[in-house]
1. Identify all residues within the stretch 49-73 that are within 24 Å of Phe93 (Cβ to Cβ) and not in a loop (DSSP other than H, G, I, E, B); write none if there are none.
2. What tally of residues in the stretch 87-120 results from selecting those that are in a loop (DSSP other than H, G, I, E, B) and either surrounded by 15 or more Cβ atoms within 10 Å (Cβ to Cβ) or without any contact (Cβ under 8 Å) to a residue 40 or more places away in the chain (or both)?
3. Just to verify a result, which residue in the stretch 123-138, among those that are in a loop (DSSP other than H, G, I, E, B) and within 15 Å of the chain's Cα centre (by Cα), is nearest to Ala44 (Cα to Cα)?
Amino acid sequence: MAGMKTLVRCGCAAAYVLALAVGLAGSAARAGGSGLDEEQDADAGTPFFGFVRNLEARGKGLADAKVTAEIKGGNAALITRADAQGHYRLAGFGKDVDPANIEITCTAEGFKLQRTARRKLSNDPNAPIEVDCLMVKQ
């Protein structure tokens with residue numbers, strides 16, 4: 001009987017480990033390996049993400065900063081707000097819009113935009129583009 005209890009405990013532990021592994025694998029698949037936690041819409045263009053940072057506070061994120069993506073020379077804009085850590089994500093305009101023609105700007109009360117730092121994550125044309133807004137106090 002003692003051997004049976006051990007077998008049952010081992011079976012439960014194995015089932016728990018298997019369920020945990022399946023759950024983690026499913027989360028990684030949904031994240032798409034990009035670390036952005038959101039799936040890209042099939043019709044959306046290149047996504048943008050990054051941080052709004054206070055340069056005078058060792059790059060600490062600025063919560064609730066307004067982030068605007070505009071098509072240069074166009075009349076369309078996407079606007080979002082940075083989260084508590086200063087992180088933001090914008091899905092993109094459309095596949096027909098060249099990401100090189102998108103300008104990201106940030107505003108935060110009491111701060112001015114010093115500069116933006118932009119980098120493409122890979123050579124894949126649909127790869128997300130990171131744009132960090134580097135802010136200083138006014």
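The values are calculated or read from the model by the stated rules, or taken from the named source; none is laboratory data. A quick note: this is a predicted structure, and the numbers were derived from the prediction, not measured. Neighbour counts are summed over all protein chains in view; Cβ atoms, including those assigned to glycine, are modelled from backbone coordinates with ideal geometry.
1. Phe49, Gly50, Phe51, Val52, Lys66, Val67, Thr68, Ala69, Glu70, Ile71
2. The total comes to 7.
3. Asn126
The rows are residues; the columns are (1) modelled with pLDDT of 95 or more; (2) of a type in the set (A, V, I, L, M); (3) touching a Cys at 6+ places or on another chain (Cβ under 7 Å).
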site: Thr68; (1), (2), (3): yes, no, no
site: Gly94; (1), (2), (3): no, no, no
site: Thr107; (1), (2), (3): yes, no, no
site: Cys133; (1), (2), (3): yes, no, yes
